[in-house]
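Heads up, the thing below is written out as structure tokens.
The values are calculated or read from the model by the stated rules, or taken from the named source; none is laboratory data. Owing to the predicted nature of the structure, the values given are computational and were not obtained by experimental measurement. In this analysis, Cβ positions are derived from the backbone assuming ideal geometry, glycine residues included, and neighbour counts consider all displayed protein chains. Areas reflect the complete protein model, heavy atoms only, side chains present, ligands, DNA and RNA absent. Shrake-Rupley method; radii C 1.70, N 1.55, O 1.52, S 1.80 Å.
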Amino acid sequence: MIKIQQVSKSFEKVQAVRNVSLDIEDGELFGVIGPDGAGKTTLFRMVNSLLVPDEGHISLWGIDPVKNYRHVRTMIGYMPGKFSLYYDLTIEENLKFFATVFGTTVEENYHLIEGIYKQIEPFKDRPAGKLSGGMKQKLALSCALIHKPKLLVLDEPTTGVDAVSRKEFWEMLQELRRKHITILVSTPYMDEAEMCDRVALMQKGEVLACDKPEVLTSQFNRPLLGIKTADIYRCLLDLRHYPQTESVFPFGEYLHYTDQRTGDVKPHIEAFLKEKGHQAIQVIDVEPDIEDRFMQLMGNNSVNPD
């Protein structure tokens, strides 16, 4: 088990992580979800022993990553957000290099990476710097796994890759989870939260909530409306000035809206928007998802004008 207890970290006047406590179970696919600047990378670097917490304590199966950093680094496979393998080495050379660094061979642990590596093996003689984003991702994951880590730490692994590669990557993570590897992954994409066993929603260095994705979504406790007009941006500005608005924010082609009142408020909103001169007005009931819950936890009250 990974235990993170009241951990804080600051950089001069910026508090990157504030009093974070998390327990991650063996074999769990655990997601840390939040926007850029939420503190995800700083938290992961402390777990990896790359940063020392200012306050609090971290243990990985009873081992302190500060006092026993050499041992901890053999237990972890780390895939940073930025591609950090050797651009001038080929796919095969990178993989062999990382296996050697950890005192093993590609052959010894090939079963761990077989499903991933087979997809890029036809290009094994290609320099890493000339790979596509999705192929770089698969190579980095293979290198992180080649020493058979107990914990896989992935810092925003799907940022900057196409939708198909994102889907393939999460399928690979599900397969690794079935091999009983504990996975700690961060992402700014709320839709990826649904693929984790549990998630921590993080913003401004703090964990706002931690639970199973479906539990977090069920905690959204207000009727949610989807609103669309011919001029969606002007609609957003007008609703921000509407006295009964509790929250409103863009969500795809609709605005997601909650009202301070109870009951059916759709006729009132439609009347308000008609009064403001809006055309093609649609006001519908929508099911909340984890992003709606995250915005609610952030206290996203968009009533005040910009």
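Observations on the structure shown:
- Summed residue charge, Cβ within 12 Å of T74's Cβ, Lys/Arg positive, Asp/Glu negative: +4
- Segment 107-182, accessible surface, carbon-and-sulfur percent (1.4 angstrom probe): 51 percent
- Three-way shape label, segment 157-203, alpha-carbon gyration tensor, a/c 1.5: oblate
- Projecting the Cα positions of I63, Q5, N19 onto the charge dipole of the chain (unit charges on Cβ atoms of Lys, Arg, Asp and Glu, taken about the Cα centre) puts I63 furthest along the positive direction.
- The residues of segment 1-102 present an accessible area of 51 Å² per residue when probed at 1.4 Å with all protein chains retained.
- Length gained on full extension, E275 to S21, computed as 0.36 nm times the residue gap minus the Cα-Cα distance: 86.5 nm.
- DSSP bridge pairs, the chain: antiparallel proportion in percent, nearest 5: 65 percent
- Unit charges on C-beta of K, R, D, E only; dipole of the chain, Debye: 760 debye
- In the chain, the calculated helix contribution to ellipticity at 222 nm averages -9000 deg cm²/dmol per residue, counting -39,500 (n - 2.57) for every DSSP H run with n ≥ 4.
- Segment 266-291 and segment 1-73 have Cα centres separated by 43 Å.
- 5 angstrom amide H check on E206, placed H, neighbours 5+ away: R18
- For Q279, net neighbour charge (Lys/Arg +1, Asp/Glu -1) across residues whose Cβ lies under 15 Å away: 0
- Amide H contacts of T182 (H built 1.01 Å from N, under 5 Å, at least 5 apart or other chain): G27, L152
- Solvent exposure of segment 155-210, expressed per residue, is 42 Å² of accessible area, with all protein chains present and a 1.4 angstrom probe.
- Selection of trypsin sites (Lys or Arg not before Pro), segment 142-188, meeting DSSP coil and at most 13 other Cβ within 10 Å: K179
- DSSP-loop GluC sites (Glu not before Pro) across segment 77-179, with at most 10 other Cβ within 10 angstrom: E107
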